[in-house]
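Novice: The structure's right below; bear with me while I get my questions together.
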Amino acid sequence: MAPMTGRVERRREWAVALAVGLDFLILIPYFIVGFMAMSWPIIAESLRGSLLTVVGIVSLITLRRIHRGKLGRYEYGSGKLEQAITILIACLLLLAAGLLLWRISGLAPQHRPSPFLATSAVMLVCLNVVLNGIQLFSLYRASRDGGSIIVRAQYHARWVKTAASIFVVIAVAVAMITSDPQVARLAEQIGTLCVIVIMVGTAVAMLRAALPDLLDRSLPETAQHAVNRVLARNIEAFEQLGRIRTRRAGETLHVEMELFLDGKRPLAEASALAESMSQQMMEEIPGVDPVIVLRAVPSEEVR
């Protein structure tokens with residue numbers, strides 16, 4: 001695949017890198033303050049955020065490789081590896097959700113943390129909402145053209161993370177401000193439960209998206225129609241149509257088509273046809289990896 005490092009591609013990479021970088025920076029104080037204040041909504045959000053940050057890092061690496069045409073000869077295998085990592089993280093999300101649910105089910109009233117810790121916790125969760133808003137806007141701008149599956153997935157995931165962070169703000173604020181231990185415990189339980197529900201929903205969505213790719217699912221119907229349009233547009237340029245194979249490995253869409261040309265046709269002309277059809281497919285199907293296999297037809301069989 002030819003490298004693609006224009007302004008649009010750089011904007012996509014910057015948006016994903018910004019999201020991953022800010023997530024990584026906020027996780028360290030989140031873990032510290034969460035455990036010092038024993039705030040389970042913050043701890044739950046930290047666990048969820050750390051696992052999804054790994055997904056973001058894998059997504060950024062994949063996006064950069066796609067834009068630079070460096071997927072290599074193991075492109076099919078790397079797509080499967082990325083989806084396998086996604087499935088592993090989804091399972092870890094489910095495990096973490098189960099452990100958190102078990103922990104908060106027997107949560108006893110706790111002493112209020114010091115004013116400094118309580119203030120730090122509230123300020124930290126509010127800062128997290130602001131950072132999520134910045135990342136959400138950046139990813140929205142990068143995903144408006146709809147050309148990158150990875151960026152669109154990160155944008156939708158950021159919506160979920162922003163919603164979760166709002167629940168965490170409410171729960172932590174109530175738990176840290178109130179002087180009633182029972183009310184604080186209830187706020188902790190409700191806030192953590194909201195994060196658990198979001199964790200389970202995110203894990204299920206990740207599993208539903210990754211499992212079909214590991215089984216090499218075919219392209220969506222819209223992409224199949226796009227392939228047909230390219231063939232119809234160039235129907236007079238080749239003698240016969242051989243087999244067409246389409247598959248999806250990871251986030252890469254693969255289309256391989258076999259064309260039979262007149263054996264007396266100049267090589268340069270045949271190569272130009274293959275290049276033109278590949279370019280047309282890339283315009284019709286963003287993110288596609290087209291392969292045109294040219295074969296010669298004996299002159300006496302030419303129509």
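The values are calculated or read from the model by the stated rules, or taken from the named source; none is laboratory data. Keep in mind the model is a prediction, meaning the values are calculated, not measured. Neighbour counts are summed over all protein chains in view; Cβ atoms, including those assigned to glycine, are modelled from backbone coordinates with ideal geometry. SASA here: full protein model, heavy atoms, side chains in, ligands and nucleic acids out. Shrake-Rupley method; radii C 1.70, N 1.55, O 1.52, S 1.80 Å.
Novice: Is there any pair with a first residue in the stretch 251-279 that is more than 14 Å from ALA296 (Cα to Cα) and open to solvent by 60 Å² or more (accessible area, probe 1.4 Å) and a second that is of a type outside the set (A, V, I, L, M, F, W, C) and at pLDDT 85 or above whose Cβ atoms are under 9 Å apart and which are 6 or more apart or on different chains, and what are they?
Specialist: Pairs that qualify, where the first residue is more than 14 Å from ALA296 (Cα to Cα) and open to solvent by 60 Å² or more (accessible area, probe 1.4 Å) and the partner is of a type outside the set (A, V, I, L, M, F, W, C) and at pLDDT 85 or above, are GLN279/PRO290.
Novice: MET176 versus (1) over 21 Å from ASP23 (Cβ atoms); (2) open to solvent by 40 Å² or more (accessible area, probe 1.4 Å); (3) of a type in the set (A, V, I, L, M, F, W, C): which is the lone unmet condition?
Specialist: Only one criterion is unmet by MET176, namely (2).
Novice: So which of ILE66, ILE42, ILE26 ends up being open to solvent by less than 70 Å² (accessible area, probe 1.4 Å), touching a Gly at 6+ places or on another chain (Cβ under 8 Å) and modelled with pLDDT under 80? Don't jump to the end; show me each part of the working.
Specialist: On the way: ILE42 fails: modelled with pLDDT under 80; ILE26 fails: modelled with pLDDT under 80.
Criteria check complete, one pass: ILE66.
Novice: Among the residues in the stretch 235-256, are any at pLDDT 80 or above, among the hydroxyl-bearing types (Ser, Thr, Tyr) and within 22 Å of ARG65 (Cα to Cα)?
Specialist: No: zero hits.
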